[in-house]
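The values are calculated or read from the model by the stated rules, or taken from the named source; none is laboratory data. Just so you know, these numbers come straight off a predicted model, no measurement behind them. Here the Cβ is made from the backbone with ideal geometry for all residues, glycine too, and neighbour counts use every protein chain on show.
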Amino acid sequence: MGVALAETRTYPWYACCKMCEGQEPNTSFHGYSARKQFGTALKEMRRLHAALLVTMPLYIYAGEVLGPTKPRDITKIELLSLVALVALNAWAVLRTYRRRLRPARELLQAGTTDTKAISQWKAANTILLTTCEPIALYGLALRVWGGTLAQVAPFYACASFLLLVFTPRRSHHLPLGGPLR
């Protein structure tokens with residue numbers, strides 16, 4: 001009976017390798033903490049995104065309630081000033097995306113488990129989402145000044161479109177985007 005049985009080991013759920021067996025769970029090892037922090041940041045960004053999307057119908061309702069019953073003629077100066085504000089705001093959105101969100105996303109795609117990269121991603125998303133919202137407020141202001149719903153609808157549509165385009169996502173390309181173990 002000289003058959004040697006191979007030693008079988010069962011690792012606990014938190015032991016990812018032989019080195020970790022028998023050790024206390026180390027949640028900062030192998031990026032577990034960073035994945036968990038990214039998941040928490042993503043949930044917070046999705047809550048903010050949902051809150052900003054919910055305000056769109058509220059702005060439309062407020063504009064209909066607060067707006068004059070009889071629309072007045074909007075001067076070209078008023079309309080052009082609001083269009084210039086929207087253009088400036090859209091430029092700020094694209095600049096924030098290009099200068100803040102894209103580098104933070106590239107840091108996360110590089111496989112870093114640095115919490116600084118996650119914080120940069122979260123800050124960039126917060127700035128990006130809150131920069132999209134004033135476009136709808138410009139539409140609300142125009143409606144309260146006496147604009148018609150047809151005149152303010154592009155403002156609401158543009159803000160909603162930008163919020164939908166920049167929805168915070170867990171990309172499958174991100175190493176931190178995998179499931180938590």
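Return the pairs, sorted by first residue and then second, in which the second residue is assigned to a helix (DSSP H, G or I) and of a type in the set (D, E, K, R), the first residue lies in the range 114-128 and is within 13 Å of residue 97 (Cβ to Cβ), the beta carbons are less than 7 Å apart, and the residues are 6+ apart or on different chains.
If the second residue must be assigned to a helix (DSSP H, G or I) and of a type in the set (D, E, K, R), the pairs left are 121/105; 124/100; 127/100.
Inspect the range 28-47 for any residue being part of a helix (DSSP H, G or I), closer than 30 Å to residue 144 by Cβ and either among the polar types (S, T, N, Q) or at pLDDT 85 or above (or both) and give the result as yes or no.
Yes, some residue in the range 28-47 is part of a helix (DSSP H, G or I), closer than 30 Å to residue 144 by Cβ and either among the polar types (S, T, N, Q) or at pLDDT 85 or above (or both).
Tell me which residues, restricted to the range 105-147, are under 30 Å from residue 60 (Cβ atoms), surrounded by fewer than 21 Cβ atoms within 10 Å (Cβ to Cβ) and β-branched (Val, Ile, Thr).
126, 127, 130, 131, 144 - these are the residues of the range 105-147 that are under 30 Å from residue 60 (Cβ atoms), surrounded by fewer than 21 Cβ atoms within 10 Å (Cβ to Cβ) and β-branched (Val, Ile, Thr).
Is it the case that the range 72-82 has a residue that's out of contact with any Pro (no Cβ under 8 Å at 6 or more places or on another chain), of a type in the set (D, E, K, R), without any contact (Cβ under 8 Å) to a residue 24 or more places away in the chain and closer than 25 Å to residue 165 by Cα?
no
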